[in-house]
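First the structure, in the form of structure tokens, and then the observations on it.
The values are calculated or read from the model by the stated rules, or taken from the named source; none is laboratory data. Owing to the predicted nature of the structure, the values given are computational and were not obtained by experimental measurement. Don't worry about glycine lacking a Cβ; one is built from the backbone with ideal geometry, like all the others, and counts go over all protein chains shown.
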2 protein chains.
Amino acid sequence: METIERKPRNREQIRSGILKTAKSIARQEGWQAVSIRKIADAIEYSAPVVYEYFDSKDVLLDEIRSEGFRYLYQEYDRIVNLYRDPEKRLYEISLVQWEFARQQPEIYQVMYNMSGALCTMPIYESESMQAVSRIVCKTIFSFIPKSEESIKRLYFQWWSISHGMIMLAMLLKDEQPLDHSEQIYRESMRRFVRDLR
Amino acid sequence: METIERKPRNREQIRSGILKTAKSIARQEGWQAVSIRKIADAIEYSAPVVYEYFDSKDVLLDEIRSEGFRYLYQEYDRIVNLYRDPEKRLYEISLVQWEFARQQPEIYQVMYNMSGALCTMPIYESESMQAVSRIVCKTIFSFIPKSEESIKRLYFQWWSISHGMIMLAMLLKDEQPLDHSEQIYRESMRRFVRDLR
DNA sequence: TAAACTTAGTTAACGGTGTTAAAGTGAGTG
DNA sequence: CACTCACTTTAACACCGTTAACTAAGTTTA
């Protein structure tokens, strides 16, 4: 009898293998092509094994979404520690957002239920998302010390412009080159930051 | 032998019944719950009948998307004929966009592949969408007569702000009431229009 | 009138999906 | 040897989009 082809892995390795595979399929074929069986095949297990790590496909997607927000938080935090000027901070945070959506579109899609991805877990209850909100709000506050209500308003506006442009840029990327969209994005975000003053 | 329970209907009635049913299911249970079989059940036919009217589910969704853009075009056209002032026109068009997304979210969702809806037909090749683009661009042009390139830029910005806010408002509607979001929307769109001058 | 053809609609199947209960496997232990 | 336990798979359920094959009725033609 032959030795087991499958390499021995611990729980952590298998778990991250599942996540990695899901993202990989999504990137290459779109989220509608991501299935539990396909993931299981790729990690050389049968489908039920996936359920030992994630209670459902929805929970799996929620984890990928959280990964995305955690990554964003990390990057925003890096920016805040890198620059002193609040204007510069917010502008650079905007650019990180664009870069993230460009380089890991499949994660960005699942974060906002775009392009057929559907995670039914409510986004606003996600701690990782709230952490991102807080760091941006804090940045805006250091900028314009107003009431919490006003800051939330400005954050909502910033988020809308940023996300709206990213989403439309992705949607129209075949008729309007991404580089061109990025130029408009930079200009718009710069203007938003400037007008805050 | 008993008479057929099912009422006699012509092709047009059946076709619009399919579209109506799809939207109805989407509204009540979300797009992920819309299936050909469920539609067929609702219109009291078997599943293959649906394929006599739409080549695929994708084509069905594309038709609903087009319906949405045609409706928007109609409304924008009405606004343009109602007001003389270009600023007023663009602002009112913005409000129509909000009202549409609020009253027929399921159509808005399929137009932009939100919330799990997925229509793979490229949106930019849709004539009905291009008609909408043209009427807004024309409105902006009557406002600021610049190069076609500049107008497209401004249109992209207008669209991003509008769509970004609508999308985030829908996403966060459980923690931020829609009326509050609408207030910010109105203010933002008004500001955008004013700053164009 | 009989045969041929058209139309409208159905059933049943194919290969796929998320999910879960049951069965199997093999190594270690009393 | 029998037994347990952890791990993994098989097989099933109810659904999905889609299509080939079929049926029954009505219409046209020879």
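Name the residues in the range B:10-34 that are more than 16 Å from DNA strand C (Cβ to nearest atom) and touching a residue at least 60 places away in the same chain (Cβ under 8 Å), would you?
B:K23, B:A26, B:R27
A:S56 is checked against (1) within 19 Å of the chain's Cα centre (by Cα); (2) within 16 Å of DNA strand C (Cβ to nearest atom) and fails just one. What number does that condition carry?
(1)
Would it be correct to say that A:E175 is free of Cβ contacts under 8 Å to residues at least 12 places away in the same chain, out of contact with any His (no Cβ under 6 Å at 6 or more places or on another chain) and outside the structural domain of A:A22 (by TED's automatic domain parsing)?
Judged against the criteria, A:E175 is a match.
Quick one: is B:E29 under 23 Å from A:A117 (Cα atoms) and not small (G, A, S)?
So B:E29 fits the description; yes.
Determine, yes or no, whether B:R78 is among the charged types (D, E, K, R) and without any contact (Cβ under 8 Å) to a residue 12 or more places away in the chain.
Considered against the rule, which asks whether it is among the charged types (D, E, K, R) and without any contact (Cβ under 8 Å) to a residue 12 or more places away in the chain, B:R78 comes out as yes.
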